[in-house]
Amino acid sequence: MLLYYMDVSELDFNRIKSSVSKTRIKKSSRYFHKKDRNLSVGVEVLLNHVLDKIGISNPIFDIDKYGKPYLKNYSDIHFNLSHSEKYVACAVSDSPVGVDIEYVQDIDLSLAKYFFYGTEYEYILNNNNQKKAFFELWVLKESYMKMTGLGFRLALDEFCIQINDQIELIHRENTGSFGLWNICGGDYMLGVCSQSRITEPALINLQDIENVIGD
């Protein structure tokens, strides 16, 4: 499994547009704010960069019945994407994978009482840093939901995540392993769920990609 994240706040669209699909360009043009356009375009730039690293230079994308994108011409390669605030994340694996990155911001923690499992809510309440604990659970739960391919068709309270020495899935068939990291000086939480061996995330420099594309 490969896991990367990248800051796209300074993305230069004119330098990278040749490496982005027309579909992505059209989709990003609908966003009013530059930040949202950068996230939309940047996540595909990162994906294409990672695919190129493993020898895939002609990806053909499609969407399954649940709305999850996949590689139509490489059925043995799985990927998942996420973005938040100014970072994008990409996971590529030889088995189903889900990734989620979230900016750790102020949030109404009572939401966890209504949408999380009871023991998860207790984990948050008993934590010295409740905001951090909330996002730990959130990225792990969403990464699992994305790995299954169901997304939010699988309700948040249908399964439970336990964070101890190891991260465990309760009340659901455990078909994957989890990874959890507090990155970017603690400002972001990154979670991944994969049926393959979990690897540490690596930071990619956007300017390095732009320089290669621009040459």
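The values are calculated or read from the model by the stated rules, or taken from the named source; none is laboratory data. It should be emphasised that the depicted structure is a prediction, and the values quoted were computed from it without experimental measurement. Here the Cβ is made from the backbone with ideal geometry for all residues, glycine too, and neighbour counts use every protein chain on show.
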Are there any strands (runs of 3 or more DSSP E) wholly within segment 15-123 with 2 or more residues that are among the aliphatic types (A, V, I, L, M), and if so which? 87-93, 97-103
Spot the failing condition for residue 138; the list is (1) touching a strand residue (DSSP E or B) at 6+ places or on another chain (Cβ under 9 Å); (2) of a type in the set (Phe, Trp, Tyr); (3) over 15 Å from residue 181 (Cα atoms), and only one is missed. (3)
Residue 152 - would you say it is closer than 27 Å to residue 46 by Cα, without any contact (Cβ under 8 Å) to a residue 24 or more places away in the chain and among the hydrophobic types (A, V, I, L, M, F, W, C)? yes
If you go through segment 176-191, how many residues are without any contact (Cβ under 8 Å) to a residue 24 or more places away in the chain and closer than 26 Å to residue 77 by Cα? 2
How many residues, within segment 61-81, are surrounded by 11 or more Cβ atoms within 10 Å (Cβ to Cβ), more than 15 Å from residue 96 (Cβ to Cβ), free of Cβ contacts under 8 Å to residues at least 40 places away in the same chain and not charged (D, E, K, R)? 1
List pairs: first in segment 192-215 and at positive phi, second modelled with pLDDT of 95 or more and among the small types (Gly, Ala, Ser), Cβ under 8 Å, 6+ apart or cross-chain? none
